[in-house]
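Peer 1: There's a structure below that I have some questions on.
What follows is calculated from the coordinates using simple rules that are stated; it is not laboratory data. This is a predicted model, so every value here is computed, not measured. Neighbour counts are summed over all protein chains in view; Cβ atoms, including those assigned to glycine, are modelled from backbone coordinates with ideal geometry.
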Amino acid sequence: MFFGPKVDLTPQAFREAFERDGGTVVDCRTAGEAAGGMIAGAVNVDWMAGEMQRASASWDKNTPVYCYCRSGARSGAAAQFLKQQGFTRVYNIGGLSSLR
């Protein structure tokens, strides 16, 4: 049985947290994937191309960061990386299809 990647927030919990606290929403897919549609206001940072360290260098480490991708796997890896870099409020919100 497949259980998929660990998601930190359900779609509803993400919406509530974002409305309450704001933050940065990060689409961890490739630019080609993101061209097919993104969450409004999200920034595209291609996890597979190694763009996260450069992109996150100017982000406040105490501001919430919500990561998503196609299935939740890349966003999970990106969230873990950001936590290792000292970001305190990072959430893997899973795959785009479940968020829509």
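Peer 1: From the list 37, 32, 72, 50, pick out the single residue that is buried (at least 16 other Cβ atoms within 10 Å of the Cβ) and among the small types (Gly, Ala, Ser).
Peer 2: When all the criteria are applied, what remains is 72.
Peer 1: Can you tell me which residues in the range 39-80 are over 26 Å from residue 19 (Cβ atoms) and of a type in the set (A, V, I, L, M, F, W, C)?
Peer 2: 48, 49, 57, 73, 77
Peer 1: May I ask you to list the residues in the range 42-100 that are part of a helix (DSSP H, G or I) and either of a type in the set (Ser, Thr, Tyr) or touching a Gly at 6+ places or on another chain (Cβ under 7 Å) (or both)?
Peer 2: 56, 75, 97, 98
Peer 1: Are any of the residues in the range 55-65 within 11 Å of the chain's Cα centre (by Cα) and buried (at least 21 other Cβ atoms within 10 Å of the Cβ)?
Peer 2: Yes.
Peer 1: Given the conditions (1) within 12 Å of residue 24 (Cβ to Cβ); (2) touching a helix residue (DSSP H, G or I) at 6+ places or on another chain (Cβ under 7 Å), which single one is not true for residue 81?
Peer 2: (1)
Peer 1: Suppose we keep only residues that are without any contact (Cβ under 8 Å) to a residue 40 or more places away in the chain and touching a strand residue (DSSP E or B) at 6+ places or on another chain (Cβ under 7 Å) within the range 75-89. Which one would you say is surrounded by the fewest Cβ atoms within 10 Å (Cβ to Cβ)?
Peer 2: 83
Peer 1: Is the range 3-16 home to any residue that is farther than 17 Å from residue 98 by Cβ and surrounded by fewer than 16 Cβ atoms within 10 Å (Cβ to Cβ)?
Peer 2: no
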